[in-house]
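As structure tokens, the structure follows; a few thoughts come after it.
Any read-out appearing in this document is the output of simple, stated calculations on the displayed coordinates, not a laboratory observation. Fair warning: this is a prediction, and the values are worked out from it, not measured in the lab. We place every Cβ from the backbone using ideal geometry, glycine too, and count neighbours over all the protein chains shown.
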Amino acid sequence: MVVSMTPEQLTVRLRDAITRLNRRLRQERPLGDLTVTQLSALTSLRIGGALTPRELSDAERVQPPTMTKIVAKLEERGLVQRSPHPTDGRQVLLAPTAEGLEVIDSYQRVRDEWLAAKLANLTPDERDTVARAASILEGLARA
């Protein structure tokens, strides 16, 4: 039975549910020593394409000195590469290496497997409801 909620009540419940699910998904990770912030930065480079260190700092909402440390660790592991900026000789562009892309894929695969197993435990009606909710959430994210 669905209880009618005010938009304010739904806001709190939805935010909390999304936060908890996101936190739980982040906990599902293959064995390795990448931190959540390193993985997030690497993922931002995959999604955003080659970025300057400043653009990556802005995308990750961290201060440039913090991003410098994150990028240094990723470079040490061969997951990120630097290249000259095409129009500004003072800048460099950061991009994931082939190995960096493989790492992102492995993390996503583990998370997808966990979520798929949880979804498989739902009834067909519950999965349909989740699918409809996912479509609605995608629309909210675009708005």
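Here the residues Ser106, Ser4, ranked from fewest to most Cβ neighbours within 10 Å of their Cβ, fall in the order Ser4, Ser106. Remark: the stretch 54-63, residue by residue, has Karplus-estimated 3J(HN,Hα) of 5, 4, 5, 4, 5, 5, 8, 6, 10, 6 Hz, where x stands for each Gly or Pro and the curve is 6.51 cos²θ - 1.76 cosθ + 1.60 at θ = phi - 60°. Here r is the Cβ-Cβ distance between Leu122 and Thr87 and R0 is 41 Å; the resulting FRET efficiency, rounded to 0.05, is 0.20. Label zone (Arg29, point 7 Å along Cα-to-C-beta; backbone nitrogen cut-off 20 Å) within the stretch 61-100: 61-63, 66-81, 95-100.
Calculated mean residue ellipticity, 222 nm, the chain: -22500 deg cm²/dmol, from DSSP H runs (n ≥ 4) at -39500 (n - 2.57) each, averaged per residue and rounded to 500.
Taking label positions 7 Å along the Cα-Cβ direction at both Ala134 and Asn22, the computed distance is 1.8 nm, reported to one decimal.
Taking 0.36 nm per intervening residue step and subtracting the Cα-Cα distance, what contour gain separates Thr52 from Met5 on full extension? So the extension gain works out to 12.5 nm.
GNM on the chain, alpha-carbon springs under 10 angstrom: the most fluctuating residue among Gln38, Gln108, Gln63 is Gln63.
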